[in-house]
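**Student:** Okay, handing you the structure first.
No lab work stands behind these numbers, since they all come straight from the coordinates. All values reported here derive from a predicted model rather than from experimental measurement. We place every Cβ from the backbone using ideal geometry, glycine too, and count neighbours over all the protein chains shown.
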Amino acid sequence: MYRSLYFKFIMIFVVFMITVMAVVGTVLLNSVTSYYTNDFKDQMTAFFNLDDSSDPLSGAMDAEDFALDLKERLQAYGTSLGIDNYRNYYILDMNGNFLEGSNEELGRELIKTPNMISAMGGIVGDTQVFGGEYCDYAVPMSGEEGECIVYIKDTQEEMQQISWRLFSIILTSVFFGLVIAAVLSFFLAKAITAPITTLTKNAKLIAEGDFAGNIDVHSNDEIGVLTANFNRMKIALKESMEEVSGERTKLETVFLYIKDAVIAFSEDGRVMQINKSAIELFGDAYDEDFDLSMMLSLFQINSTQAYISNDELGEQTYILRDVQMGDKALDINLGTLKYPDGNQLHEGMIAVIHDITIRAELDKSRREFVANVSHELRTPLTSIKGATETILSYPDMPDDMRNSFLNMAIEESNRMLRIVQDLLTLSRLDNNRTQWKITHFDLSHMLEHIVDVMKKTPEVEERHHRIEYTVLGNLPEISGDRERLEQVIVNVMSNSVKYTAENGLVELSARPSSNGKNVVIKVKDNGMGIPEEDVPRLFERFYRVEKSRTSDTGGTGLGLAIAKEIVEAHGGNIHITSKLGEGTTVRVVLPVETGLESTN
Ligand code: ADP
């Protein structure tokens, strides 16, 4: 209340009124006093300084009873002297004692004033004290009959009454002035504060985020300009706020949906921000108590994986490479994060976690592949080396023994050659450098031809296998690389021949798919079968079920991998089902029209 503009305005007006009235009052009262005093003196001087010819008192002192004579003359000229109830004249002897006067009672009690004393000394006493209790004038008179003093004294009561009345008028004016000032200041304050109050209300609404509407500008004065500027500021602020919030939303979206897991921790390790990827990465481990130390405890960190890097500003980032978390492999960057809280700047941490599981698996399979290649090549090489060294060490070796060592070296060389050829085929398939020769051909012809050739191979003949071929429905002509598709079917059938004990049955069948867009080729054997756990891995490079049981088959472990690449390049798929001890079925689905094009 006391701080409000209303109150301040009223106070200013009141103080202003009182000050003005006090000054006016003082000036008026002083003027009255000085006017009265000066008027008294002027009147006296005029009366007592007349020429002898017009002086009403001239010759009075020559009378015997000059006091009485003087009294009569003074009485007669009472009006000129202003004699009334407040102003009296006295005739005093030279000692100041009362002789005659207009008011005998007062005359006898007269005190000796400086003017009276001056007259007693023979000099006119006309000194007036401004604002004093009385005004007086004393004139020494002398004549033949003696000396006396004519003394005029004004009690100033009249002037005091006038002053008092004036004072009451001023007081009343002050009172009414105050009331008018209060009322005026109230309306003035209201006129000034109303737009300010509206501005204040709007400022509060803005602070609460409400930017609706503009304030009407009613005047061109300072407040009107302020309101117009306020409206402009509001629009500018709204635009910047929208821009900022738009940028914020964009950043939040990026933050939320960024592939890497990002978590920001406060100074005391609490989670301040976490994105979707991070929540998914930590799964059940992420709950409301999750913090920095909990996160670090999830990582299996080994000191060789961690190092510190400094950026240009000297900020340190802790980098943890290839950290295991359960079955996941992660790259973790831990950096400091400065964030404001109130007026203070705090230092938290930000973790950016990159899931490198797939890359790590790829790296692993690449390493395994190199190890496998080395191993597969080393075995035949060791045999070749052993055979040739033995031949060199024993020059007298019997011919048949030497021949068998040499045959062994040739066989192992062939095996190496097959491996290298298969690897080359795979590498070309991987790098899209395979030379495709796409033609339309009769699938049935191709399959019949394969069966004919297979039946005549030493493996089939030696093992007394039966090979049967069935066509179900009308097989269409298909498009594809005939030679390579033949290689696929031969490979699959060779496996059936290889992994089936003597007198086995290998059934080849083909049929169009129900929608006519594909053909389905099946190779079924009643051989040794494949353990369930090995089936999903059969298409991996160099993967073999129990190396010992397949070591004598001369395979490279790459046949099915190549078959898969060729079939998939044609837009088809290959699938194996098997039961250990009962047999294996390989199902190859090929599109009638491949999307694959011949290489120029
Ligand atoms: P390989 O040259 O060793 O035959 P493949 O890639 O053709 O290589 O086959 C991979 C492995 O799958 C073989 O080593 C064998 O253990 C198993 N396999 C493939 N076909 C059959 C089948 N018809 N019966 C049993 N095992 C099979």
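**Student:** When the dipole is taken about the Cα centre of the chain, and only Lys, Arg (+1) and Asp, Glu (-1) are charged at their Cβ, what size is it in debye, to the nearest 20? Please report the intermediate quantities before stating the final value.
**Tutor:** Numbers: 55 positive and 90 negative charges, 1036 e Å.
Dipole size: approximately 4980 debye.
**Student:** Sticking with this one: Which whole-Hz couplings ³J(HN,Hα) result when phi for each residue of the range 23-32 is put into the Karplus expression 6.51 cos²θ - 1.76 cosθ + 1.60, θ = phi - 60°, listed in order with x for Gly and Pro?
**Tutor:** 5, 4, x, 4, 4, 4, 4, 5, 5, 4
**Student:** So which lysines can K204 reach, going by Cα to Cα under 25 Å and dropping same-chain residues fewer than 8 places off?
**Tutor:** K8, K190, K234, K238
**Student:** Can I ask one more? If amide hydrogens are placed 1.01 Å from N in the peptide plane, which non-local residues have theirs closer than 5 Å to the one on G101?
**Tutor:** I91
**Student:** Next up: Can you work out the FRET efficiency for the pair E280 and L251, with r the C-beta to C-beta distance and R0 = 22 Å, to the nearest 0.05? Please list the in-between numbers first.
**Tutor:** Values: r = 20 Å, r/R0 = 0.91.
For E280 and L251, the calculated efficiency is 0.65.
**Student:** How high is the FRET efficiency between F7 and M233 when r is their beta carbon distance and R₀ equals 22 Å, given to the nearest 0.05?
**Tutor:** Values: r = 29 Å, r/R0 = 1.31.
Step by step, r from the Cβ atoms, then E = 0.15.
**Student:** Hey, another quick one. At 7 Å along Cα-to-Cβ for each site, give me the label-to-label distance between I308 and E158 in nm.
**Tutor:** Roughly 10.7 nm, to one decimal.
**Student:** For the range 492-534, what is Rg from Cα atoms divided by 2.2 N^0.38 Å, rounded to two decimals?
**Tutor:** 1.42
**Student:** Moving on to the next point. Using the Karplus curve 6.51 cos²θ - 1.76 cosθ + 1.60 with θ = phi - 60°, work out ³J(HN,Hα) for each residue of the range 87-96 in order, rounded to whole Hz, and write x for Gly and Pro.
**Tutor:** 10, 10, 10, 9, 10, 10, 7, 6, 9, x
**Student:** In addition: Please report, in whole Å, how far the alpha carbons of the chain spread along each principal axis, starting with the longest.
**Tutor:** That gives 203, 62, 44 Å along the principal axes, largest extent first.
**Student:** By a straight-distance test (C-alpha under 19 Å), which lysines pair with K153 as possible cross-link partners, with residues fewer than eight away in the same chain excluded?
**Tutor:** K153 reaches K41, K71, K112.
**Student:** Could you work out the local net charge near R541, counting Lys and Arg as +1, Asp and Glu as -1, over the other residues with Cβ closer than 11 Å to its Cβ? Let's see the in-between values first.
**Tutor:** Numbers: positive: R366, R537, R544, K564; negative: E368, E376, D422, D430, E540, E565.
Residues near R541 contribute -2 overall.
**Student:** Relative to the longest principal Cα axis of the chain, at what angle does helix 157-207 sit, 0 to 90 degrees, rounded to 10?
**Tutor:** 10
**Student:** List every residue whose amide H lies under 5 Å from the amide H of H570, counting only residues 5 or more places away in sequence or on a different chain, with H placed 1.01 Å from N in the peptide plane.
**Tutor:** Result for H570 returns nothing.
**Student:** In nm, give the distance between the simple-model label positions of I169 and E568, each being 7 Å from the Cα along the Cα-to-Cβ direction.
**Tutor:** The answer from the label model is 11.8 nm.
**Student:** Take the range 365-429, drop everything but the C-alpha atoms, weight them equally and run the Debye formula without solvent; then report log10 I(q)/I(0) at 0.23, 0.30 Å⁻¹ to two decimals.
**Tutor:** -0.91, -1.21
**Student:** What residues qualify as long-range amide H neighbours of D322, i.e. H under 5 Å apart, gap of 5 or more or another chain, H built at 1.01 Å from N?
**Tutor:** Excluding prolines and chain starts, which carry no amide H, the hits are L330, D331, I332.
**Student:** Using a Förster distance of 41 Å, how high is the FRET efficiency between R378 and L345, based on the Cβ-Cβ distance and rounded to 0.05?
**Tutor:** Numbers: r = 62 Å, r/R0 = 1.52.
For R0 = 41 Å, the calculated efficiency reads 0.10.
**Student:** Then there's this: Could you list, bin by bin from short to long, the percent of Cα-Cα pairs of the range 211-257 in 5 Å steps?
**Tutor:** Reading the bins upward from 0: 5, 20, 18, 14, 12, 10, 7, 7, 4, 2, 1.
**Student:** What trypsin sites (Lys or Arg not before Pro) does the range 104-175 have in DSSP loop regions with at most 12 other beta carbons within 10 Å?
**Tutor:** On the way: sites: R108, K112, K153, R165; in loops: K112.
Within the range 104-175, the qualifying trypsin sites (Lys or Arg not before Pro) (loop, at most 12 other Cβ atoms within 10 Å) are K112.
**Student:** Ok, one more. In a shell of Cβ-Cβ distance under 14 Å around D126, excluding D126 itself, what net charge do Lys and Arg (+1) and Asp and Glu (-1) give?
**Tutor:** Values: positive: K41, K153; negative: D39, D42, D136, D154.
Local net charge: -2.
**Student:** Each label point is 7 Å from the Cα along the Cα-to-Cβ direction; what then is the distance between the points at D287 and Y35, in nm?
**Tutor:** A separation of 9.9 nm, rounded to one decimal place.
**Student:** While we're on this one: Can you work out the Karplus-derived ³J(HN,Hα) for every residue in the range 104-117? Use 6.51 cos²θ - 1.76 cosθ + 1.60 with θ = phi - 60°, whole Hz, and x for glycine or proline.
**Tutor:** After applying 6.51 cos²θ - 1.76 cosθ + 1.60, I find 4, 4, 5, x, 6, 9, 5, 8, 7, 8, x, 5, 5, 4 Hz.
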